[in-house]
Amino acid sequence: MFELLNSHYNYFAVMLLLGIGLYMLIESKNLVKKVIGMNIFQTGIFLFFITLAFRAGGNPPIIKEGGGPYVSPLPHVLILTAIVVGVSLTAVALALIIRIYTEYGTLDEDKLKQLYYD
Amino acid sequence: MTESLRPILAILVSTVAIPVILSLKRRPNVREGVTLTVAFAKFAIIASMVPGVLSGTQYEFALGQFATGIELAFSVDPLGLLFGLLASLLWIVTSFYSIGYMRGLDEHAQTRYFASFAASLASAVGVAFASNLLTLFVCYELLTVSTYPLVTHDETDEARAAGRKYLAYTFGGGVAVLGGTVLVFVLAGTTAFTPGGLEGLATADPTLARAAFALLAAGFGVKAALMPMHSWLPDAMVAPTPVSGLLHAVAVVKSGVFGIARVVLDVYGPVTMEQLGVALPLAAIAAFTLLTASIIALRQDNLKRRLAYSTISQLSYIVLGLALLKEDALTGGLLHIPAHAFMKLTLFFCAGAIHVETHTDDISDMAGIGKRMPLTMAAFAVAAAGMAGIPLVAGFVSKWYLVIGALSLDGGLIFAAALLVSGVLNIAYFWPIVYQAYFESPEGHDEKPLLEGPLGGRDEVRADGGDGHESGNTDDDSDEGEVPNTEHVDHLGKHREDHEHHGGPPAGGWDDRGWRGGESTWFMLGPILTAATLSLLLGTVPYTAVFLRIVDTIVSNLPGVMA
Amino acid sequence: MIEQLPVLLVVLPIIGGAIPLAASLVSDRAGWPVATLTLIGQAVLAGLLAWTVSTSGTVSYAVGGFAAPYGIELVVDGLSGAVALLVAVVSLGVLAYARQAGPHSGPFYGLYLLLVAGLTGMTVTGDVFNLYVFLEITGLAAYGLVASGRDASAAVAALKYLIIGTVGASLYLLGIGYLLAATGTLNMADLATKLGEMAAYDSTLVLTAFGLMVGGLTVKVALFPLHTWQPDAYANAPDTVSAFISALVSTVSAYALARLLFSVFTVEFLTAVPVARWALVGLACVSIIAGSALAVSQDSVQRMLAYSSVSQFGLVVAGFAIATPLAVVGATVHLLGHAVMKGGLFAATGVIERETGATTVNGYAGMGSRVPLPAFSFAVLSLAMVGVPPAVGFVGKWYIVLGAVNAENWPVVAVLLASTLLTLAYFARLVERLYFAEATIHSEPDEVPVTDGSGQAVSFGMIAVVVIAAALAVALTAAVPELQAMLEDTLPPLLNQ
Amino acid sequence: MSSDERTGLYVESTIIMTTVRVVAPFVLTFALFVMFHGADSPGGGFQGGVIAGSVVMMLAFAYGIDAAREWLDVRVVASLASGGVLTFAAIGLGTILLGGNFLEYHLYEQFISHAIAYGIELVELGIGGIVASVAIGLFFLLAAGFGHAVDAPEDES
Amino acid sequence: MTLSLIEAVLLVFVLGCAIGAAVLRDVLASLMAFAAYSLGISIIWVMLEAPDVGLTEAAVGAGIMTILFILALANTVRPQENGLFESISVRTVVLVGAFVVVMIATVPSLPAIGAEGAANPVVSGEVTQHYIDNAYADTEVHNAVTAVLAAYRGFDTLGEAVVVFSAGVAALTVLRQEVFA
C-alpha cells in the first residue's frame, strides 16, 4: 500500500480532490460555495492529466537542441483549454448567482427551493 | 396478380374526403352530400373488383418498402374483398342513418363526427386490403385512432372514461400485435400474407412461433372482444348509435376478427396451426366467450348493452369457426362476418330509432312499443330471429355451416353443443323484447316480469328500469360496476335536461303510428329496412348475394384445409 | 469546396455568432437577420454535406493539414451527416418561431448561433477531446439561453443545469484522461484500433474510461436518474429556447454517446464486456419506465414533455446499446424523429400558452376548438410520439424492437413494447382534454398572468413551425430507406458485421 | 444608482492611484510580451490576454469602476471580442481560399516568410483580444449586477 | 519517481486548502482558501514541468477567478454565520466516500508517476513523440505546447476561444444586458 502511495501519490490526491469537490457540490447550501466546489472538482481532473504528462527527469516541452527528454505537451494543451472552459463556466455561474440573488434575495439553496416552488 | 390503382383508390377516396368534410363545417347539407358521394364511390370501386376477384384476379398496389420489414402494400384477395365490400356497403346505409340520427338529436360536433367516420372507413378498408401483417397493423392502429373521437363523441365523463378504456385496451392489443408481427418477421423473414401460411413459420422454433401466435391472437382478440378482453365494448356503447352500429358491430370488431382470420389462414395456415397445437386453445376461448357473453346478455336491461354482449357472443362464433380449421366451419365462420354485420346493424339501428323517437333505452320501458314503431320492431324481429339462427335469415346459413363443421371434427361435439346452447340463449334474450313490443302494453307489463320463465330463469330482474345494479349484482360481470347508471348515460341526458323520466312510454301510452312509416323519418327507416332486407337476402339466396361465393373462393383457395 | 464542408459547417455559425455582439452596437434588431442568413447558409451546407455522404461515402477532414492522430480529424459519416442536417434545419425552423416569440436581444442570437456551432462541432468531430470542447460550448450556450427569459426561476433552473451539466462534462473529461493513460491518443479511429491492441477491453483503465465517459454523457442526455436538471430547464426557459434545446441538445449528446460506443469503444468492446452493454441497456430501460411514470404525474404540460424526453431517450440509448445493425438504424431514426416531434410539441405549447394562457394539463381542456391548428398539430405529434404508424415514431420503435428480438433479449423487448402504452398513458389524457372536455379557461389571454413577457401575439411563422413539425413527424417515414442506406454504407464495421 | 456606492468597493487613495499609473504601462507591455513570446517560452494569447485584462481591473480599483467604464468605450470591448473570433476564423478560412485545409498556416508562405510562426502569433493575438475583452466585460458586468435591464429595448414586441 | 518532501508538503497544503474551502462557513473565508488552493496547485504544475499550465492557473485561478468571485460576493449579501465551520453531513460523506473508494481502486492500474516507455503511453506514445520530434520543423516555434495548441490542435483552440466568447455573451444574456457596460 505504501509502495503504491509512493509511486501514485498524485492520483490519490486527485481522487480526494474529486471527493471534496463533489461533497461541496452536494452539501454546500450556499450557491457560491457550490461553484467553488465545482472548481475544485475540475482542478482535480487537471491534476490527473498533468501527472500523466510527467516523466521522471523530463524538461518542459520547449524544444531546443539537446534539451530532452521532455514531458508530454499534449495533456498540457488539453488542460490549458480545460482551465479556460472552467473559468468561463465559473463566470456564467457567478452571473447567474448575481441574478438569482437580485431576484430572490438569498443564496441559500434550501430557502431558494421554497421560493422557487411557490 | 394485377397491378391496379383500385385498392389504394378505395382507401384514398374517403381519406381525401376528410379535409373536405372538415372545411364544410358551416354547410351541413353539402357536407353530408360529400359523405354520401364518397360512400357510393367507395362501394362502387370495391364492387367493381368483385368479378375479377371471383375469377381469380388479385389486384395489387404497393406503396413501397419503407424500411426493413416495413413494406406498405395493398392487395385485394377474396378475404379482403369480403371485409372491404361489407364495410363499404354498410357505410352507405349507415351514412343515411347517421344523417337522420344526428339531425334528429341535433347533436354537437357533427363535422368532427362525419370526418372521423370517413377516416375510420379509410382505415377499415386499409385493414381489409392490407397485403401483409405490417400494413394490416398500421391500418389497425389508425382505425383505433380514428374511431376514438367517435367513442368519446359525447364529451361527458362517461364518454371520456369509455374512450380512455377503449384506447387502453386497443392500444394494448396493438402492442401485442406489434410484438407478434416483429416475431413473425424475424422468424419467417416476411410478413406478406400467403394462403396456407408462411413457410418460415412452419420450420421456426415452435416456442417462438407459439408465442407470436399468442401475441397476435391476443392483440386482435381485444378488438374481436374475446373474453377476458371484451369489457371495452359494452362501455363503448355510450357512443351515438350509428357509431355503435357500424363500428362496434361491423368495422372495429370485425377488424379484430378479420385480423385473426388473416393470422389463421394466411400467416400460420391450418397445417402449421395444427402442428403447433394453437387452434384448440383459441377454439376453447371462443366457445367460452360465446356462452358466457350470451348469459350476461340476458341480464342487460339497457338495449344497447344487451346488443353489445350479443355482439361479443356472435364474434366468437366467427373465431370458433376459424379455430376449428374445418372446411365447413371456416365457411360458416367467414360467412358469419357479413351475416352478423347485417343483422346486428339492423338491431342497432332499431335501438337508435327508438332512442331518437321516444328516448327510450331500457328494454323494460318498451312494452307495447310495437304500436308506436311497428316497422322498426318488425325489422328488429327479423334480425333477432336471424341471430338465433332461424331459417330464412342470414344467421341460419352461417350457423348451419358452423355446426356441421364442428360435428365433423373429432371431439367437436362439445363445440357444436356450445353453438346450439348459445342459439337457444339468443332466443331467450331477443324474443321477450319482440314479444312485449307487440303483445303487451305499458300498463300490463309490470305484471309479467321481463325474463320470467324457464328460458331466462332470473326472476330478480325487475322491469321497472331500476334493476340490475340494486338487485342483481351477485353474479354481475365485474366491469359493470365501473360505469354506474349505464342504462341512463347514453348521451341523451346531456342534451335533454328536461327529459327526466329517461324514456319509456308517455303518460297516455304509446301512440299508434301505423305501418306507413309515420313512426320516424325515412332517413332512419330506410337504412333499417335495407339492412333487414340484406340479412333476409343473405339468408335466402346466399350465392346471389355474392358473399357466400366469396367465402367459397377463400376456402377453396386455401391449401391444407381438412374437409 | 465540397471537401471543406465539415469545417465550414462549424466555422460558419461561429462567425455568425460573433457578429450580433458587435452589430448590437449599431442596431438592436440586427440579431435575427444575421442568425437567419447564417442558418440558411448552414442548412444549405449541411444539405450538401449529407448529399455528399450519401452519394460518395464518409468524408474525413484533417484540420490544419495535420494527419490524424496528430491533428484533429473531422469525420462525417451517415450518422453524423444526418444529425448535422437535423441541427441546421431544426435551428432554422426554431428561428422562424423566435422572430415573434423572442427574446430579441443581439446577444441572444449570438448565443443561439454559438449553440448551433457547438452542436455541429460535436457532430462532426472525430476526436474525443475536441468533442469535450464543443460539449462545453454547447453547454455554456445552453445555460445562457435557458436564463435568457424574464422569469426569475429561469436563472435557478439554468444554474442547476450548469452545475449538473459541468459535473457530467467533467466526468467525461476524466474518462478521456483514462483513455489517454491507456493509449496515449485522442483520435477516435486511432483509439478504436489501439483499445483492442494496447489495452485489453476488460482492463481497469478501459472500463473506468467507459464508465466515466458514458456516465458523463448520460447526464447530458438526461437519462434517469441523472435527468434532474432537465425538466426545470425545459419548463422555465422561454418557449423558443425550450423548443430548441429539447429538440437538439439531448439529441446531439445521445449522438455523441453513440459515436463513443461505435467509433471509440466499438461493438467488439460491447461483445467482449457484456456487463457494459447490460448496464447501459438496464439504465435505458429504467429510464423508459421511470420517465413515463414521472411524466404521467405531472400537471404542467411542459414538465410532462420534459419527462417524456427522459423516457424517449431511454428508447434511443437502448437501441444503440443493443447495437445490432437494425437497432442502430432504429435508434437513429428515433433520435432524429424525436427531435422533430419534441421540438414541435414544445413550440405548440408555446403557441397555445400565448393564445389561451393554458399551461397545465387541466388548462388544456377544450382548447381543441379555441386553437384548432396548434391543437391538432399537438395531437398529431402526440400520436406520432406514441408510435402510431405510419408516423416516424413508429418506424424507430419498429427497428429497435426488431433489433432486440434479433438479439433475443426478451425483457428488453417487453419494455420496448410497453413503452408504447406508457407513452400513451401521458399523451392520451392530454389529447382527450384538448378535444373532449369542457374548457376550464375562458378568459382572454390578456387576463392571464404573463409569464414570458416577450409579447403574447402569435405570428404566422410560429404556427407554421408547429404545423410543419407535425407534417414532418409523418413525412419523415418516407426518408427512412434513404437514411438506412446511408448508415449501412458508412458505418461498415458496425452495420455489416 | 452607481454600482460603486452600492457595493462599497471603491475607496479613493492617492498612493494606489499613483502606483497604478506607473505600473499599468509595464503590465500592459508584459502582457503583450507573454502573448507574443508564447512561441518560444511559456505563455501565449490566453495568459497574455488575462494579464492585459487585469490592467483595466487595476485601473478600476484605483479610479473606481465607473471611471474605468467611461474611460474604456464599450464599443472597444465588444469589437475586440467579436474581432478576435473573426480574426481567428479569417486566418483559418484564408488557407481554405488558398486551396488548403482550415488553419493550414504554411500556405501563407507565398506572401511572407516564416508564415507559420506569424500565423500562430496572429492567432495568439486574436485569442488575447478575446480573453482580455471578455475578462474586462465580465468584470464590468458582474460589478454592475443585475437589474439595469428592466427597460431594455428588447421587450417591445 | 518517489514522493519528495516538498511535493508532499504541497499536496498536503493543497488538500488542506480544499478541505478548508469546503468546511469554512464564511463564504469569503472559503474563497480565500480557494485562492490559496489555486496558488498551491499552480506551483504543483510548475513542479510537474508544466510552466504554461502553471502560469495560466496563477493568472486565472488565483487572479481573475478570485476577482470575479469577489465581485459576485460584493453584489450579494454575505450571510452572517455563527461558528467557524460547517457541520459535516455524514450521509454525504459516506456517499462521496464510496465514489472516492471506487475511484481509488482504479489508481493501481494507472502508470506510476514519471513512468515512461510502454508503461506510460502518454509520455512515450507515438503522438507525443511526433509532437516533440516535429514541432519545430512543422511550426517554427520552440514551445511544443504552443505548437500543439495553435497548430496541431488549432481547432481545439478555436473552440477554446469560442468558449471564452460564449461565456461573455452568456453572461450578457443572463444579466439581460445588450453590451458590456
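The values are calculated or read from the model by the stated rules, or taken from the named source; none is laboratory data. This structure is a prediction, so every number in the text was calculated from the model and none was measured. Glycine also receives a Cβ, built like all others from the backbone with ideal geometry; neighbour counts cover every protein chain displayed. Accessible surface is based on the protein model in full, side chains and every heavy atom, while ligands, DNA and RNA are left aside. Shrake-Rupley method; radii C 1.70, N 1.55, O 1.52, S 1.80 Å.
Annotations
- All conditions but one from (1) at pLDDT 90 or above; (2) within 9 Å of chain E (Cβ to nearest Cβ) apply to C:Leu191; the one that does not is (2).
- Matching residues, region E:6-35, being small (Gly, Ala, Ser), open to solvent by 30 Å² or more (accessible area, probe 1.4 Å) and under 17 Å from the mean Cα position of the chain (by Cα): E:Gly16
- For region D:92-104, filtered to residues that are in a helix (DSSP H, G or I) and open to solvent by less than 10 Å² (accessible area, probe 1.4 Å), the residue that is farthest from D:Ala60 (Cα to Cα) is D:Thr95.
- Identity of the residue in region C:11-37, more than 8 Å from every other protein chain (Cβ to nearest Cβ) and under 11 Å from C:Ala117 (Cα atoms), that ends up surrounded by the most Cβ atoms within 10 Å (Cβ to Cβ): C:Pro13
- In this structure, A:Ser7 does satisfy being in contact with a strand residue (DSSP E or B) (Cβ under 9 Å, 6 or more places away or on another chain) and part of a helix (DSSP H, G or I).
- From the options E:Ile67, E:Ile43, residue that is more than 9 Å from chain D (Cβ to nearest Cβ) and not in a loop (DSSP other than H, G, I, E, B): E:Ile43
- First in region A:1-29 and more than 7 Å from every other protein chain (Cβ to nearest Cβ) and under 19 Å from C:Leu171 (Cβ atoms), second anywhere and part of a loop (DSSP other than H, G, I, E, B) and open to solvent by 10 Å² or more (accessible area, probe 1.4 Å), Cβ under 8 Å, 6 or more apart: none
- Counting the residues of region D:91-105 that are within 11 Å of chain C (Cβ to nearest Cβ) and more than 27 Å from the chain's Cα centre (by Cα) gives 5.
- Screening region C:60-81 for residues that are open to solvent by less than 20 Å² (accessible area, probe 1.4 Å) and under 24 Å from the mean Cα position of the chain (by Cα) and picking the one that is nearest to the other protein chains (Cβ to nearest Cβ) gives C:Leu74.
Rundown of residues vs (1) free of Cβ contacts under 8 Å to residues at least 12 places away in the same chain; (2) open to solvent by 10 Å² or more (accessible area, probe 1.4 Å), yes/no style:
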residue	(1), (2)
C:Leu336	no, yes
C:Gly344	no, no
C:Ala347	no, no
C:Glu355	no, yes
C:Pro372	yes, yes
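- Flag for D:Phe88 being of a type in the set (Phe, Trp, Tyr), part of a helix (DSSP H, G or I), within 11 Å of chain E (Cβ to nearest Cβ) and under 29 Å from C:Glu73 (Cβ atoms): yes
- Output for region B:296-320, where each listed residue is touching an Asp or Glu at 6+ places or on another chain (Cβ under 9 Å) and either assigned to a helix (DSSP H, G or I) or more than 28 Å from B:Pro240 (Cβ to Cβ) (or both): B:Ile296, B:Leu303, B:Lys304, B:Arg305, B:Ala308, B:Tyr309
- Filtering region E:13-40 to residues that are hydrophobic (A, V, I, L, M, F, W, C), free of Cβ contacts under 8 Å to residues at least 60 places away in the same chain and either outside any helix (DSSP H, G or I) or in contact with a Pro (Cβ under 8 Å, 6 or more places away or on another chain) (or both) leaves only E:Val27.
- Residue in region C:98-114 that is away from chain E (no Cβ under 11 Å), open to solvent by less than 10 Å² (accessible area, probe 1.4 Å) and either modelled with pLDDT of 95 or more or in a helix (DSSP H, G or I) (or both) present: yes
To keep it simple, each residue is scored yes or no on (1) more than 8 Å from chain E (Cβ to nearest Cβ); (2) in contact with a Ser or Thr (Cβ under 8 Å, 6 or more places away or on another chain); (3) among the small types (Gly, Ala, Ser); (4) within 17 Å of E:Leu149 (Cα to Cα).
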residue: D:Ser54; (1), (2), (3), (4): no, no, yes, no
residue: D:Phe61; (1), (2), (3), (4): yes, no, no, no
residue: D:Leu122; (1), (2), (3), (4): yes, yes, no, yes
residue: D:Ile127; (1), (2), (3), (4): no, yes, no, yes
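- Summed over region C:13-35, residues that are in contact (Cβ under 8 Å) with a residue 60 or more places away in the chain and of a type in the set (Val, Ile, Thr) total 3.
- Counting only residues that are open to solvent by less than 10 Å² (accessible area, probe 1.4 Å) and either modelled with pLDDT under 85 or not polar (S, T, N, Q) (or both), region D:75-90 holds 7 of them.
- C:Leu248 in contact with a strand residue (DSSP E or B) (Cβ under 7 Å, 6 or more places away or on another chain) and crowded, with 24+ Cβ neighbours inside 10 Å: no
- Of all residues in region E:165-181, exactly one satisfies the criterion of being more than 10 Å from C:Pro107 (Cα to Cα) and either open to solvent by 10 Å² or more (accessible area, probe 1.4 Å) or assigned by TED's automatic domain parsing to the domain that holds E:Ala72 (or both), namely E:Ala181.
- Residue check for C:Leu257: outside any helix (DSSP H, G or I) and over 28 Å from C:Ser459 (Cα atoms): no
- So E:Ile113, is it β-branched (Val, Ile, Thr), within 20 Å of A:Thr51 (Cβ to Cβ) and in contact (Cβ under 8 Å) with a residue 60 or more places away in the chain: yes
- Selected residue [away from chain E (no Cβ under 12 Å), at pLDDT below 90 and either assigned to a helix (DSSP H, G or I) or surrounded by fewer than 24 Cβ atoms within 10 Å (Cβ to Cβ) (or both)] from C:Tyr172, C:Tyr201: C:Tyr201
Residue-by-condition table, conditions (1) open to solvent by 10 Å² or more (accessible area, probe 1.4 Å); (2) out of contact with any Leu (no Cβ under 8 Å at 6 or more places or on another chain):
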| position | (1), (2) |
| --- | --- |
| C:Gln230 | no, yes |
| C:Asn236 | yes, yes |
| C:Val252 | no, no |
| C:Phe262 | yes, no |
| C:Thr271 | yes, yes |
| C:Gly282 | yes, yes |
| C:Cys285 | yes, yes |
| C:Gly291 | no, yes |
| C:Leu294 | yes, yes |
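- Residues of region B:61-76 satisfying the condition of being buried (at least 19 other Cβ atoms within 10 Å of the Cβ) and touching a residue at least 24 places away in the same chain (Cβ under 8 Å): B:Phe61, B:Gly69, B:Ile70, B:Leu72, B:Ala73, B:Phe74, B:Ser75, B:Val76
- Residue check for E:Val141: away from chain C (no Cβ under 11 Å), open to solvent by 50 Å² or more (accessible area, probe 1.4 Å) and more than 22 Å from the chain's Cα centre (by Cα): no
- Looking only at residues in region E:69-111 that are in contact with a Ser or Thr (Cβ under 9 Å, 6 or more places away or on another chain) and at pLDDT below 90, the one that is surrounded by the most Cβ atoms within 10 Å (Cβ to Cβ) is E:Leu71.
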